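All remarks here apply to the structure that follows.
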Protein chains: 2
Amino acid sequence: MKPESRTAVWDRAALCILTLCFSSLHVIALKSQLFTRFGGLPYSTETPITYETIYFDQKIDHFGFAEEGTFKQRILLAAKYWQQSGGPILFYTGNEGDITWFCNNTGFMWEIAEELGAMLVFAEHRYYGESLPFGQESYSDSKHLNYLTSEQALADFAVLIQNLKRTLPGAQHSPVIAVGGSYGGMLAAWFRMKYPNIVVGALASSAPIWQFPGMVPCGDFYKIVTQDFAKSGHNCDANIRKSWKAINNVSSTASGLQWLSEEFSLCNPLKNTLDVMVFKSWLQETWVNLAMVDYPYKANFLQPLPPWPIQVVCKYLGFDSTVSDHQLLHNVSQAAKVYYNYTGSTSCLNTSQTATRSLGFLGWFYQACTEMVMPMCTDGVQDMFEPEEWNFQAFSDECNTMFGVRPRADWAGTVYGGKDIASHSNIIFSNGGLDPWSSGGVTFNITDSLVSIMIPEGAHHLDLRYSNDRDPPSVRAARALEVKYFQQWIKQVKKAP
Amino acid sequence: MKPESRTAVWDRAALCILTLCFSSLHVIALKSQLFTRFGGLPYSTETPITYETIYFDQKIDHFGFAEEGTFKQRILLAAKYWQQSGGPILFYTGNEGDITWFCNNTGFMWEIAEELGAMLVFAEHRYYGESLPFGQESYSDSKHLNYLTSEQALADFAVLIQNLKRTLPGAQHSPVIAVGGSYGGMLAAWFRMKYPNIVVGALASSAPIWQFPGMVPCGDFYKIVTQDFAKSGHNCDANIRKSWKAINNVSSTASGLQWLSEEFSLCNPLKNTLDVMVFKSWLQETWVNLAMVDYPYKANFLQPLPPWPIQVVCKYLGFDSTVSDHQLLHNVSQAAKVYYNYTGSTSCLNTSQTATRSLGFLGWFYQACTEMVMPMCTDGVQDMFEPEEWNFQAFSDECNTMFGVRPRADWAGTVYGGKDIASHSNIIFSNGGLDPWSSGGVTFNITDSLVSIMIPEGAHHLDLRYSNDRDPPSVRAARALEVKYFQQWIKQVKKAP
């Protein structure tokens with residue numbers, strides 16, 4: 001097989017969504033199936049939780065007046081421990097997916113509600129889950145997608161909270177704290193920055209608010225993924241780095257394609273170069289996902305997985321580097337199956353899926369193609385992936401083809417302040433040392449009230465999850481400190497005249 | 001004539017635009033003529049000033065991606081005194097009108113440029129002056145008007161400044177200070193609140209950021225107008241208060257209508273009840289305008305006027321209250337002519353015009369009918385006007401008829417923080433004690449860096465005007481203090497790492 005052309009390489013460029021990374025080629029393969037994913041059932045959770053579901057009428061357009069339509073935003077409310085009147089409200093700023101899934105995966109809020117006497121509110125992000133501005137037409141074209149922006153989502157949150165305060169007896173003087181993880185964490189931070197009148201502070205967990213053009217090196221994300229593998233087993237990263245060439249070699253013949261398909265138990269056998277590219281993207285995403293969910297205990301966030309799953313994966317990849325391509329890929333397939341078939345119930349591996357159906361992939365791709373421009377690149381040296389540069393123009397062209405829109409590279413930095421956010425206050429940025437998204441996170445204190453909490457042994461927003469006996473001390477300390485800040489913010493408000 | 005019905009009273013309810021107040025009836029009378037007003041020539045100015053005019057490509061929609069069009073935003077640039085590199089930029093956040101008019105009427109900036117080594121930038125607000133997103137179609141319907149919002153205007157300013165910093169050699173590290181008066185002052189304050197990454201501070205002169213529902217009493221505005229007249233001449237307010245009934249009495253006969261028309265030298269004689277209502281609205285607006293431009297020296301802001309024009313007006317209205325209706329109205333007409341015919345060159349008075357053509361009335365009416373909902377009311381007791389309640393529903397219906405949109409009463413408070421703005425920093429709110437708009441202004445210090453400067457003898461943004469020998473000491477002190485704050489903000493930035 002010939003060296004890939006620049007365009008072909010671009011076509012595999014990573015389009016990272018906050019909880020997942022996909023190659024753009026993969027996206028195209030997925031696109032047609034995606035809409036049907038919405039509204040999937042949440043995974044089961046560690047502790048039974050109960051909440052009330054309400055539907056709040058939101059303006060479709062907060063920033064213009066020609067579109068006067070409204071839609072039903074889904075809200076989950078839990079007031080069991082709320083200290084009326086004036087007890088705090090912990091407000092989860094919903095991400096790119098079904099809010100029940102985030103609700104079930106944010107055990108931290110459920111665990112501290114009683115201590116704080118807090119009401120919990122989980123607000124679904126427009127265009128995800130059940131909160132579809134135009135129902136089944138919401139994703140039909142760029143006109144219908146026009147109101148899918150972070151600014152509109154923040155305005156939804158603001159209007160909702162103002163309304164809750166007006167209508168919920170006892171809530172009028174309740175201090176509200178925004179909480180979010182990943183993209184939801186970015187929203188929590190931005191919410192405090194843009195609406196300090198509405199929320200007294202924010203916990204932005206694993207929120208890569210600096211993963212935008214010109215703010216951090218585009219290669220840092222994949223470097224962290226690589227480091228996670230490097231430290232989880234001897235030669236683990238080196239063998240993955242070699243696997244791409246092995247795949248190229250083996251897939252160059254028809255029999256090789258067949259062998260690969262069987263070895264990886266693929267549901268749809270590889271047939272051509274395009275399939276192989278999608279396959280490699282899928283594999284790359286698999287390693288990225290593992291880095292995000294490298295939790296110290298058995299968990300089911302993106303997939304059901306064992307404790308420290310990368311260590312388990314690396315058991316298959318710790319061999320010497322002199323093995324044959326076939327042997328190497330056999331082991332890679334064993335490793336991949338840790339991720340895809342830990343329960344042993346998977347009959348075949350589907351390269352069009354890498355994680356839970358509760359995330360709204362298509363919506364996030366649109367957001368990445370408009371505001372959420374997050375450059376990613378690999379060099380194959382400091383990371384274990386095939387080299388791929390960041391090419392904004394090609395990305396923009398692809399967005400134009402997919403959605404009929406073009407990304408605005410500088411807008412997020414302009415509207416959300418980029419690195420110049422020191423004048424804001426009361427935001428905690430927590431990051432996990434294992435989490436590739438910490439590459440774009442705030443990992444140092446900016447001021448006394450814009451603080452960073454690092455969790456060296458933490459993967460993606462570990463602090464927001466339910467506590468666990470196997471939690472490292474750093475995450476326990478992080479959660480305790482977070483609660484302390486919450487209490488401090490609440491006290492500040494109660495003191496104010 | 002019968003007592004006016006509720007609806008009729010509503011129809012005369014004041015729709016205040018930032019530099020002027022109009023009754024909604026008046027608006028309807030004006031509407032058809034308004035578009036042609038754009039692009040009027042600026043008035044002559046005290047000092048010859050020179051600037052470069054540039055046209056900057058702005059996105060029509062910053063908050064959505066379906067509309068990819070751009071328009072030319074007009075920018076005035078003056079770099080004569082700019083200390084490259086890194087010298088500060090004073091950025092005027094353009095209001096509802098032709099930017100050259102504001103540029104010519106903001107002598108303060110021109111006078112301090114040299115001292116600060118500052119570049120001056122005056123940015124025209126979209127939909128006003130030459131900055132029309134859809135050219136002559138911009139006001140054609142609610143679809144075209146959809147992008148006329150303060151949020152879009154602020155985004156224009158932010159994107160423009162980021163671009164200037166990238167492209168103007170020496171500007172990269174220039175601290176930018178927002179300056180604005182009236183609606184422009186609101187924008188300056190909001191600009192600092194929403195984009196503290198772009199501007200280090202803001203001077204918001206005569207900016208009624210609290211003139212929104214639920215924030216200040218709706219009657220305060222007209223109370224201040226009344227106080228201005230009360231203290232400018234014995235019986236002056238009382239006689240104006242009586243004049244409305246006198247007009248009703250006199251206009252109840254055909255001969256009375258004719259007499260009134262002649263007495264006031266009206267270009268278009270009054271013919272019916274509707275004309276009389278428009279006439280009363282026009283007269284009310286005349287008194288309001290006088291309150292806004294009650295400057296201590298001869299000036300030509302809304303109209304050419306003598307020093308302390310209300311004192312001159314009140315010379316005609318200082319008589320005893322026992323005079324006949326006809327005598328009273330004769331004197332009122334003399335008083336009105338101080339405003340409309342100070343130069344003696346006006347052949348007749350036109351009730352469809354009260355001030356300069358450089359303001360974009362129709363645009364502001366649209367803004368008032370969408371975001372800028374500013375309740376106004378009168379009771380005829382604490383003020384000198386006919387009683388009129390604030391009726392949001394009727395206002396909303398009228399907006400719907402005029403523009404096909406409905407105002408959102410709570411939005412401005414939600415998005416710009418209302419009274420909860422203490423977490424922001426580096427904003428000066430200056431207000432004149434004579435200015436009716438101080439009713440909605442910030443007239444006390446909120447924090448050490450959200451400060452109020454009061455100018456007791458000042459009318460509408462007197463501090464932003466050229467200095468004058470007749471300036472009261474309070475405005476001289478205000479300007480000196482403003483410059484001191486500017487220097488402090490600039491120093492803060494230079495100190496920052």
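The values are calculated or read from the model by the stated rules, or taken from the named source; none is laboratory data. All figures in this text were calculated on a predicted structure; none of them were measured in a lab. For neighbour counting, all protein chains shown are included, and Cβ atoms are generated from backbone atoms with ideal geometry for every residue, glycine included. Accessible surface areas use protein heavy atoms only, side chains included; no ligands, DNA or RNA. Shrake-Rupley method; radii C 1.70, N 1.55, O 1.52, S 1.80 Å.
Mind checking which residues of the stretch B:126-149 are outside any loop (DSSP other than H, G, I, E, B) and either at the interface with chain A (Cβ under 10 Å from one of its Cβ atoms) or more than 21 Å from B:C399 (Cα to Cα) (or both)?
Matches in the stretch B:126-149: B:G135, B:Q136, B:S142, B:K143, B:H144, B:L145.
Which pairs have Cβ atoms under 7 Å, sit 6 or more apart or on different chains, and link a residue in the stretch A:323-348 that is under 15 Å from A:W282 (Cα atoms) to one that is charged (D, E, K, R)?
Between residues of the stretch A:323-348 that are under 15 Å from A:W282 (Cα atoms) and residues that are charged (D, E, K, R), the close pairs are A:L329/A:E263; A:S333/A:E263.
Quick one: is B:F191 assigned to a helix (DSSP H, G or I), buried (at least 19 other Cβ atoms within 10 Å of the Cβ) and not assigned by TED's automatic domain parsing to the domain that holds B:E482? Steps first, answer last, please.
Values: assigned to a helix (DSSP H, G or I): yes; buried (at least 19 other Cβ atoms within 10 Å of the Cβ): yes; not assigned by TED's automatic domain parsing to the domain that holds B:E482: no.
Taking the combined requirement at face value, the residue does not satisfy it.
Give me the pairs, please: first residue somewhere in the stretch A:268-283 and surrounded by fewer than 20 Cβ atoms within 10 Å (Cβ to Cβ), second residue anywhere and hydrophobic (A, V, I, L, M, F, W, C), beta-carbon distance under 6 Å, and either six or more positions apart or on two chains.
Final answer for the pair search is none.
Just to be sure I understand, how many residues within the stretch A:242-284 are of a type in the set (D, E, K, R) and more than 14 Å from A:F385 (Cα to Cα)?
Result for the stretch A:242-284: 4.
Answer yes or no: is there a residue in the stretch B:198-221 that is crowded, with 20+ Cβ neighbours inside 10 Å, of a type outside the set (A, V, I, L, M, F, W, C) and over 23 Å from the mean Cα position of the chain (by Cα).
No, the stretch B:198-221 contains no residue that is crowded, with 20+ Cβ neighbours inside 10 Å, of a type outside the set (A, V, I, L, M, F, W, C) and over 23 Å from the mean Cα position of the chain (by Cα).
Please verify whether B:V332 is within 24 Å of B:N105 (Cα to Cα) and either part of a helix (DSSP H, G or I) or not assigned by TED's automatic domain parsing to the domain that holds B:G107 (or both), treating the condition exactly as stated.
Judged against the criteria, B:V332 is not a match.
From the residues in the stretch A:76-95 that are buried (at least 20 other Cβ atoms within 10 Å of the Cβ) and among the small types (G, A, S), which one is nearest to A:V176 (Cα to Cα)?
A:G87
Conditions first: (1) touching a residue at least 40 places away in the same chain (Cβ under 8 Å); (2) touching a helix residue (DSSP H, G or I) at 6+ places or on another chain (Cβ under 8 Å). A:N468 passes all but one, so which condition is the exception?
Only one criterion is unmet by A:N468, namely (2).
Which is open to solvent by 20 Å² or more (accessible area, probe 1.4 Å), assigned by TED's automatic domain parsing to the domain that holds B:A79 and of a type outside the set (K, R), of B:F122, B:F134?
So the residue among B:F122, B:F134 that is open to solvent by 20 Å² or more (accessible area, probe 1.4 Å), assigned by TED's automatic domain parsing to the domain that holds B:A79 and of a type outside the set (K, R) is B:F134.
Among (1) in contact with a Cys (Cβ under 7 Å, 6 or more places away or on another chain); (2) assigned to a helix (DSSP H, G or I), which single condition is A:M376 missing?
Among (1) in contact with a Cys (Cβ under 7 Å, 6 or more places away or on another chain); (2) assigned to a helix (DSSP H, G or I), A:M376 violates only (2).
Taking the conditions exactly as written (open to solvent by 10 Å² or more (accessible area, probe 1.4 Å) and closer than 17 Å to B:A153 by Cβ), does B:W411 satisfy them or not? Talk me through it step by step, then tell me what you get.
Numbers: open to solvent by 10 Å² or more (accessible area, probe 1.4 Å): yes; closer than 17 Å to B:A153 by Cβ: yes.
Yes; evaluated as a whole, the condition is true for this residue.
Return yes when B:V381 is within 29 Å of B:W287 (Cβ to Cβ), part of a loop (DSSP other than H, G, I, E, B) and free of Cβ contacts under 8 Å to residues at least 12 places away in the same chain and no when it is not.
Yes: the conditions hold for B:V381.
Which residue, of A:E114, A:E68, A:E52, is open to solvent by 50 Å² or more (accessible area, probe 1.4 Å) and within 14 Å of chain B (Cβ to nearest Cβ)?
Only one candidate passes the filter, namely A:E68.
Considering only residues of the stretch A:159-176 that are open to solvent by less than 20 Å² (accessible area, probe 1.4 Å) and part of a helix (DSSP H, G or I), which is nearest to A:A79 (Cα to Cα)?
Of everything passing the filter in the stretch A:159-176, A:L164 is nearest to A:A79 (Cα to Cα).
Filter the stretch B:391-410 down to the residues that are aromatic (F, W, Y) and out of contact with any strand residue (DSSP E or B) (no Cβ under 9 Å at 6 or more places or on another chain), then identify the one that is nearest to the other protein chains (Cβ to nearest Cβ). Quick ask: steps written out before the conclusion?
So the first thing to find is which residues in the stretch B:391-410 are aromatic (F, W, Y), and the list is B:392, B:395, B:403.
Filter once more, keeping what is out of contact with any strand residue (DSSP E or B) (no Cβ under 9 Å at 6 or more places or on another chain): B:392, B:403.
Working: B:F392: 16, B:F403: 8 Å.
Once the filter is applied, the top-ranked residue is B:F403.
So, restricting to helices (runs of 4 or more DSSP H) that lie completely within the stretch B:228-304, which ones have at least 2 residues that are in contact with a Lys or Arg (Cβ under 7 Å, 6 or more places away or on another chain)?
B:236-250, B:273-292
Those residues that are over 31 Å from the mean Cα position of the chain (by Cα) and either within 28 Å of A:G458 (Cα to Cα) or without any contact (Cβ under 8 Å) to a residue 12 or more places away in the chain (or both), I need them from the stretch A:241-257; list them, please.
Answer for the stretch A:241-257, where residues must be over 31 Å from the mean Cα position of the chain (by Cα) and either within 28 Å of A:G458 (Cα to Cα) or without any contact (Cβ under 8 Å) to a residue 12 or more places away in the chain (or both): A:T253, A:A254, A:S255, A:G256.
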